[in-house]
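Below: one structure, written as structure tokens.
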Amino acid sequence: MLFRTLILPGVLLPALFAALAYGFSTSLARRSRATSGAGALALAAAFLTTFVALTGWPRWPPVEATQRLFFVVALAALIVWGFALRGRARLPWLLHAGLVALVLGLVLESQIENRWSVLQSIGWLVALLVLAMVVDWALVISFRGDGIRDGLLGILVRLAVVGGSAGVLGLSQSARLAQIAGGLACGMTVVEIAGWFERRRPWQPADAAVLNSALVGLLLAGYFYAGLTPLTAGLVLLAFLLLALPQERWWARLAPLLPLALALGIVVAAFLTEEDDPYGDYSALTLPAARAPSAEARWQRAWSPGSLPEGARLREGTRLPVVGVVSCVREASPSLQCI
Amino acid sequence: MTPSVRLAKSALLGITAALLIALPAAAATYSVDGTHSSAIFRIKHFGSSNFYGVFREVLGTIHYDPAKPDASSIEVTIKAESVDTRNQRRDGHAKSPDFLNAAQFPNITFKSTSVKPLGDDRFEVTGALTLLGVTKTITATAEKVGEGKSPQSDTQLVGFEARFVVDRTDFGMGFMAGPMLGKEVTLIISLEAGSH
């Protein structure tokens with residue numbers, strides 16, 4: 001069951017179709033001596049394959065945010081590939097902005113129609129446009145790499161950021177969004193492996209348009225329609241921004257991992273400290289409901305490593321002080337339930 | 001007034017009141033009373049048990065004509081955000097894009113297109129059910145549970161109950177559809193509606 005519902009649609013199929021798309025585009029480029037756009041096609045193939053494998057073909061016209069995102073990602077890939085066939089490795093920034101605007105408008109359509117006033121819509125769209133363009137710029141920088149071939153560390157960090165986004169989405173009440181992001185990460189892994197063996201950078205700056213469209217769209221859907229909190233969404237976006245740091249120094253290469261680890265840690269900690277929650281078979285990981293302690297008790301326990309009750313240990317010898325801190329903060333301020 | 005006249009008058013008043021209460025309502029439009037209405041769903045979990053959940057907010061109108069039932073109509077709106085499975089995390093998952101996608105599709109609606117009397121206060125109701133932005137025609141058998149006047153106000157009450165089964169994948173809700181979580185969802189809608 002796990003293979004059919006998770007591994008096949010979320011890992012194997014996107015990896016396979018990404019590899020096929022990459023191979024097709026690369027061989028075509030070799031014959032025509034153009035830049036390949038292979039990375040963009042592979043990313044789109046992975047994204048679209050995962051979507052279809054999980055939910056079936058999207059309706060036309062699309063009625064839901066991720067269905068619309070399906071078509072935007074396909075369009076972005078075709079645009080990048082079209083430019084690549086003409087020997088252009090970059091898109092004009094206006095085109096980047098146009099794709100971002102399309103993602104925002106289509107993914108947030110139900111918010112604009114049902115929830116926001118005109119002023120709210122304008123405010124949100126302008127702010128998100130700026131934010132998404134900054135992320136796009138960071139991805140362009142990361143894919144450009146100033147012509148330097150990425151070391152293994154740089155590749156792993158980039159994969160960790162994309163894969164980590166899927167992890168954060170996974171704990172945001174929508175497994176579907178996480179699976180699609182995971183499929184995208186698998187496609188990206190295929191491209192990175194191909195580039196590693198080919199001993200060349202597999203990306204071109206224009207490929208960022210496809211990755212940005214897909215990830216921004218998924219994060220927006222996670223934030224507005226699932227349970228992604230402002231803090232975790234912000235940390236994920238910060239991780240993407242830090243990909244633009246100059247890669248000469250080792251700490252710059254590792255910098256994106258810090259906000260990502262924080263986001264994952266907060267989400268996991270909040271998930272594990274939810275009291276009295278038998279939903280899903282997590283009985284081995286959560287605190288027993290009958291022993292749910294008060295905020296003060298949890299605070300004391302967090303800072304007294306030896307005082308955890310037996311049933312509360314997540315792993316033998318493991319302590320998670322952040323668990324107690326998060327619980328106490330949440331309990332202290334209802335307005336901080338966003339954590 | 002002699003005692004016998006008084007008695008006759010009381011008897012006449014009593015008989016009139018009884019007749020008024022017992023008489024079937026005339027054609028009227030009723031507003032669904034969400035507090036006394038229920039929308040329950042049932043779905044199979046891991047092929048082992050039936051799981052029940054509810055929607056806490058039900059709205060709508062019923063136009064009911066007892067003399068001409070086929071002229072009756074019903075419009076019901078269920079707020080997707082009001083799903084209640086008695087578990088906060090599960091409620092959140094149910095409202096997420098994996099299932100009801102309540103943020104994008106806040107309402108589940110049913111609008112009847114025809115009502116056919118089947119006798120014995122039973123009706124075949126056909127109409128458009130819209131869920132997740134997808135509209136499908138469904139037919140359900142509805143039963144009039146009863147009618148009468150509210151003892152607390154001047155409201156004429158009528159109650160209907162219907163039970164029907166939908167395939168959630170027809171509406172694009174395919175997450176975990178199969179052995180883990182059933183494709184077929186049974187909906188039990190019990191409505192109490194009032195008219196002044």
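One table, with the values for the structure above:
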{"read-out": "Per-bin percent of Cα-Cα distances, the stretch A:197-245 [10 Å]", "value": "21, 44, 25, 10, 1"}
{"read-out": "Förster radius 45 Å - calculated FRET efficiency between A:R86 and B:D167 (Cβ-Cβ, nearest 0.05)", "value": "0.40"}
{"read-out": "Efficiency of FRET from Cβ geometry, B:T35 and A:L129, R₀ 60 Å, rounded to 0.05", "value": "0.85"}
{"read-out": "Phi-based couplings in Hz for the stretch A:120-129 (Karplus 6.51, -1.76, 1.60; Gly and Pro marked x)", "value": "4, 4, 4, x, 4, 5, 5, 4, 5, 4"}
{"read-out": "Hydrodynamic radius by Kirkwood, which averages 1/r over all alpha carbon pairs of the stretch A:1-154, in angstrom", "value": "17.4 Å"}
{"read-out": "Distance (nanometres) between label positions extended 7 Å along Cα→Cβ at B:D70 and A:R249", "value": "8.3 nm"}
{"read-out": "Residue order, fewest to most surrounding Cβ atoms within 10 angstrom, among A:E248, A:E192, B:E81", "value": "A:E248, B:E81, A:E192"}
{"read-out": "Percentage relative contact order, the stretch B:108-196, counting C-alpha pairs under 8 Å, at least six apart", "value": "22 percent"}
{"read-out": "5 angstrom amide H check on B:L131, placed H, neighbours 5+ away", "value": "B:K136"}
{"read-out": "Set B:K68/B:K111; B:K44/B:K95; B:K44/B:K144; B:K44/B:K116 screened for pairs whose C-alpha atoms are more than 23 Å apart", "value": "B:K44/B:K144; B:K44/B:K116"}
{"read-out": "Where Rh is the Kirkwood radius over Cα pairs, Rg/Rh for the stretch B:26-195", "value": "0.99"}
{"read-out": "Square roots of five times the Cα gyration tensor eigenvalues for the stretch B:27-113, Å", "value": "30, 14, 12"}
{"read-out": "Phi to ³J(HN,Hα) by Karplus 6.51 cos²θ - 1.76 cosθ + 1.60 over the stretch B:79-85, Hz, x for Gly, Pro", "value": "7, 4, 5, 8, 4, 9, 10"}
{"read-out": "Förster radius 45 Å - calculated FRET efficiency between A:R4 and B:L118, Cβ distance, rounded to 0.05", "value": "0.55"}
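Read-outs: derived from the displayed coordinates by stated rules, not from any lab. Fair warning: this is a prediction, and the values are worked out from it, not measured in the lab. Ideal geometry is used to build each Cβ from the backbone, glycine not excepted, and the neighbour counts take in all protein chains shown.
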